[in-house]
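Single-structure report; data block below.
The values are calculated or read from the model by the stated rules, or taken from the named source; none is laboratory data. Since the structure is predicted, the reported quantities are computational estimates derived from the model, not experimental observations. A quick note on method: Cβ atoms are made from the backbone with ideal geometry, for glycine too, and the neighbour counts reach across all protein chains shown.
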């Protein structure tokens, strides 16, 4: 494949064909995110995309899913997206599902009818980063969104019948707003009603402004105990039924997954045992992004 820079994709898309439709992220100003700091956002030319589709048609015919990279493929115009889906069908007729990242602004740029049109062409899943439901945290990290605007985007995806996966970052509120960040995130997720929730732990990166603040001692990151308290608060607060909840990313101290509300009691008991020291945590050296 002819990729521009490193490719970032969700863990669940490990076996998907990665088609890079855009480079970087159109926002790219979040203080915690270092994924696209060395990339200038651009829309890849049709020739570049067709080159990758032709390669996939020769070497990836056993794979039945496509993930559209980079961080903001949904920002493409409806006309361009529909043409891209037509090209995917032409080159990769075996593909049944297409997924992509979608920030709230990009989602809101589409009408419900346009999202339904994309679903009918094969768009199965949108991955969206909430990060926090706390508006003060969202302002601090320069997300460019409020909890209200992200709820509106999520509800649009839900009305279109597209699978929505939402990510939150434990620790993003720092020690000062730790539990409020977790609680507000749970409340906002309850209004978003996604099909899947992924909770990761913040790991400050040296190439980000938040990482520099952490190194300078200006941002206090909760320790493993504080992250567990946030995880407990989040699980207690979420009111979605059903939703797949996953805190099993490599950044997490306590791998946890289940369905809410069915498995809430069991997950809370696991967290409680970890808080009491009866459940082994992932050692720092084995945690990763």
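Some observations on this one:
- Looking across region 229-242, just one residue is buried (at least 20 other Cβ atoms within 10 Å of the Cβ) and over 16 Å from residue 132 (Cα atoms), and that is 240.
- Being assigned to a helix (DSSP H, G or I), in contact with a strand residue (DSSP E or B) (Cβ under 8 Å, 6 or more places away or on another chain) and surrounded by 16 or more Cβ atoms within 10 Å (Cβ to Cβ) is a property that does not hold for residue 190.
- Residue 198 in a strand (DSSP E or B) and buried (at least 23 other Cβ atoms within 10 Å of the Cβ): yes
- Test for residue 273: is it within 24 Å of residue 8 (Cα to Cα), over 18 Å from the mean Cα position of the chain (by Cα), assigned to a helix (DSSP H, G or I) and in the same structural domain as residue 131 (by TED's automatic domain parsing): no
- Criterion (in a helix (DSSP H, G or I), within 21 Å of residue 132 (Cα to Cα), under 22 Å from the mean Cα position of the chain (by Cα) and touching a residue at least 40 places away in the same chain (Cβ under 8 Å)) met by exactly one of 251, 185: 185
- When the residues of region 92-108 are filtered to those that are free of Cβ contacts under 8 Å to residues at least 60 places away in the same chain and surrounded by fewer than 21 Cβ atoms within 10 Å (Cβ to Cβ), the one that is nearest to residue 24 (Cα to Cα) is 108.
Matching residues to (1) in contact (Cβ under 8 Å) with a residue 24 or more places away in the chain; (2) in the same structural domain as residue 214 (by TED's automatic domain parsing); (3) crowded, with 22+ Cβ neighbours inside 10 Å:
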site	(1), (2), (3)
23	yes, no, no
36	yes, no, no
40	no, no, no
55	yes, no, no
67	yes, no, yes
79	no, no, no
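- Subset of region 148-170 (residues that are in a helix (DSSP H, G or I) and crowded, with 22+ Cβ neighbours inside 10 Å): 150, 153, 154, 157, 160
- Within region 199-222, residues that are assigned by TED's automatic domain parsing to the domain that holds residue 258 sit with their Cβ atoms under 6 Å from residues that are surrounded by fewer than 16 Cβ atoms within 10 Å (Cβ to Cβ) and part of a loop (DSSP other than H, G, I, E, B), at 6+ positions apart or across chains, in these pairs: 203/289; 207/37; 220/175; 222/175.
- Residue check for residue 1: farther than 30 Å from residue 247 by Cβ and modelled with pLDDT under 95: yes
- When residue 62 is tested against (1) over 21 Å from the mean Cα position of the chain (by Cα); (2) in contact (Cβ under 8 Å) with a residue 60 or more places away in the chain; (3) in a loop (DSSP other than H, G, I, E, B), exactly one condition is not met: (2).
- The residues of region 130-140 that are crowded, with 23+ Cβ neighbours inside 10 Å and either in contact (Cβ under 8 Å) with a residue 40 or more places away in the chain or touching a strand residue (DSSP E or B) at 6+ places or on another chain (Cβ under 6 Å) (or both), listed by number, are 130, 131, 132, 133.
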